[in-house]
Amino acid sequence: MNLDELLRELREKIHLYDHHYYVLAEPLIGDLEYDQLLKELEKLESENPQLITPDSPTQRVGKDLTKEFKPVAHQFPMLSLANTYNEQEVVDFDRRVKEILGANETVDYVVEYKIDGASVSLNYVDGKLSTAATRGDGTTGEEITQNVKTIKSVPLKLKNYPHPKYSLNNIEVRGEIFMDIEDFRLLNKEREERGEKLFANPRNSSAGTLKLQDPQIVAKRPLKIFTYYLLSKENQLQQQSENLALLSKLGFRINKDFQICKSIEEVLQTCSKFEEVRDSLPFEIDGAVIKVNSIRQQTILGSIAKSPRWAVAFKFKAKQATTLLKAITWQVGRTGAVTPVAELEPVFLAGSTISRATLHNLDEIRRKDIRVNDYVVLEKGGDVIPKIVSVLLSERKIDSQPTEPPQNCPVCSSALFQHEDEVALYCENLECPAQVKGKLEHFASRTAMDIEGLGEALIDLFVEEKFLGNIGDIYNLKNHREELIQIERLGKKSIDNLLSSIEKCKRQPFAKVLFALGIRYVGAGVAKKLADHFQSLENLQRASKEELTNVFEIGESIAESILMFFRDENNLFIIEKLREAGLNFSSEKKRVAENVFTNKSFVLTGTLENFSREAAGEKILGFGGKVVSSVSKKTDFVLAGEAAGSKLEKAKTLGVQILSENNFLEMLKSASET
Ligand code: IVH
């Protein structure tokens, strides 16, 4: 047997064992034997790197860090489901379906678990996993292929491909990535021991993991998949149940507890049955998904806006738990608003242990008459944050007292204020450490400036050590590198990483910068609208109240808040510091002159000598070109490095222009000269 054949055989074996272990949960061999096989493959591949194929089991963990998640257009939109909350709404759904289909049609439904995870779209080209993407806005998602490849229940290549009955050369498989509850608990326990931030629930933990930059870490997280849909332009499937069977045949993990129901009564029974077994399942479900089984009928029904008319989610009732309210503490937010927090006897509810819950404001406390030492009923609905729904009055202690608000800030002791027409209490000391820290945390957070590594713990430390007093100081940290390195437990590497993410964040677009400033009522959406409209901070700063309220969806209170923000000397001073640091204060795009890359689409394949594929991709994007993942007639160029495989072959058959690395270097040279 030659080396090629030996490698192929080893890979096939490992794929088979993986499938039995991770998808079917029926291991064929012991761990030791498996590890030996994998080691043998790794050894042979490291001696002959030119023979490594992307679908080799060793390629589940790539070497490269993901610098950014590239956008991927879904071939089919990723729809979301309309929700129903009770039997009547399900019956109404059935009625609407039958009204559209007409009296002559009988309708079968498939009822599946609604897995509470993160949805993913997997694109397989010629039987091999090509890209994996998040849902994104339903039309375009983010590419998370390297991370998804680490999930062992996601096949890198299809089993039983090509299929005798279906043409499956380019398919999208939809499914849900999740964590088992027990795995999630263990993960959180480890994080707690290491002093890391805990995940709120298995869903957040899965979604967060998929967006990590380092696939090596993702590989260590216990992610799993259930797939529920296969789509192809040449779809020859007749039924959803057939779809599930085909997925299973192709090597995907599906949940076998789905039910085919002949009537809406049967659907309702299945929904109740699912709700009953909910707590005994190893993973979280938040409802049932009801789908019209016939794909012909699905096509007739079509979709409205972003939801199909042929499917609906049946959401389970929120889970409740009762526990003791030990104390009410008051927390100061970044705007100075002081909000009450319930400190609870820890209780397990819907996937996580809860020891705190927000009480919103004093009005809410009074309305529900919540008192310290009461037993309270907690509820966790679709959202992550638990709320107190009521108090068990029968359990109330005789000597309990209504809750009184504090007179002074619990952090800096300055007197609190209540503005006219507002329920919230405010600490108006701008130097209050709670506000300072809150503003810094908001500024550095992922949805704002996205400064990796600058989290709550480090901010606390830097504020206490006086390295940070406001957001402008962040860009001054680099002048204190030596002192920062001296701080116990930080060290050179983490400080240098932090300083480089601070440099990197300067590329965040204007809308994010505006959001990061933390102007009251200017959330991410409002910031985007303002940035689009005014284009620069200068224009926004100059805008009158009338000009502000003229912008679609900008009301009086937002306008007032913006005007107040720019009236404050301290804010103007900080803005100046940020401007000096080089943040984007306008959204005008840098125009790149037309060049050989302008609007041309590229497919990258094989190994390049001078660049990683990501770096080559960035160059192309920088000069106004596009990078796509699969070759079609519309592709302008295929850049082929060493050991290029099927994409190069496809380019040849389609007559797409093929570039060597040298050709590419020449193109770069010519573009930079224009
Ligand atoms: S079908 C149009 N089936 O629930 C088809 N979705 O908004 C929509 N989900 O985004 C998906 N389990 O992430 C389907 N068995 C299941 C599901 C499921 C969980 C998620 C999915 C979707 C969301 C509904």
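Summary table
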{"item": "Across the chain: Cys residues that no other cysteine approaches within a C-beta distance under 4.7 Å", "result": "CYS261, CYS271, CYS505"}
{"item": "Inter-part distance where segment 487-556 and segment 594-662 are each reduced to a Cα centre, Å", "result": "35"}
{"item": "Portion, in percent, of the accessible area of segment 504-577 that falls on carbon or sulfur, probe 1.4 Å", "result": "52"}
{"item": "Charge dipole (debye, nearest 20) of the chain; +1 at Cβ of Lys and Arg, -1 at Cβ of Asp and Glu", "result": "1380"}
{"item": "Solution diffusion estimate, µm²/s, Stokes-Einstein, segment 1-115, Kirkwood Rh from C-alpha pairs, 20 °C, viscosity 1.002 mPa s", "result": "109"}
{"item": "Zone residues, segment 518-533, relative to GLU364, backbone N less than 17 Å from point 7 Å out along Cα-to-Cβ", "result": "none"}
{"item": "Accessible surface ranking that places the most exposed of MET667, MET1 first, with a 1.4 angstrom probe", "result": "MET1, MET667"}
{"item": "Whole-number accessible area per residue in Å² for the chain, which is evaluated in the context of all protein chains at 1.4 Å", "result": "52"}
{"item": "Computed lengthening from ALA524 to GLN75, 0.36 nm per intervening residue step minus Cα-Cα distance", "result": "158.8 nm"}
{"item": "Carbon + sulfur, % of accessible area of segment 631-674 - ligands and nucleic acids excluded, 1.4 Å", "result": "49"}
{"item": "Cα centre as origin, Lys/Arg/Asp/Glu Cβ charges: segment 330-417 dipole, Debye", "result": "140"}
{"item": "Relative contact order (%) - the chain, alpha-carbon pairs under 8 angstrom, separation at least six", "result": "9"}
{"item": "Solvent exposure, largest accessible area first (probe 1.4 Å, DNA, RNA and ligands not counted), of ILE385, ILE519", "result": "ILE385, ILE519"}
{"item": "Förster-model FRET efficiency, 51 Å R0, LYS633 and ARG96, C-beta, rounded to 0.05", "result": "0.80"}
{"item": "Apportionment of accessible area to carbon and sulfur, segment 1-157, percent (1.4 Å)", "result": "51"}
{"item": "Segment GLN657-ARG191, length gained on full extension (0.36 nm per residue, minus Cα span)", "result": "162.7 nm"}
{"item": "Length added when fully stretched, LYS326-GLU5, from 0.36 nm per residue minus Cα-Cα", "result": "108.8 nm"}
{"item": "Lysines whose Cα lies under 20 Å from that of LYS319, excluding same-chain neighbours fewer than 8 positions away", "result": "LYS114, LYS273, LYS368, LYS380, LYS387"}
{"item": "Restraint check, LYS249/LYS650; LYS439/LYS504; LYS600/LYS669; LYS149/LYS493; LYS152/LYS256; LYS70/LYS256, Cα-Cα greater than 22 Å", "result": "LYS249/LYS650; LYS149/LYS493; LYS70/LYS256"}
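The values are calculated or read from the model by the stated rules, or taken from the named source; none is laboratory data. All values reported here derive from a predicted model rather than from experimental measurement. A quick note on method: Cβ atoms are made from the backbone with ideal geometry, for glycine too, and the neighbour counts reach across all protein chains shown. Each accessible area value is taken on the protein alone, full model and side chains, heavy atoms only, with ligands, DNA and RNA left out. Shrake-Rupley method; radii C 1.70, N 1.55, O 1.52, S 1.80 Å.
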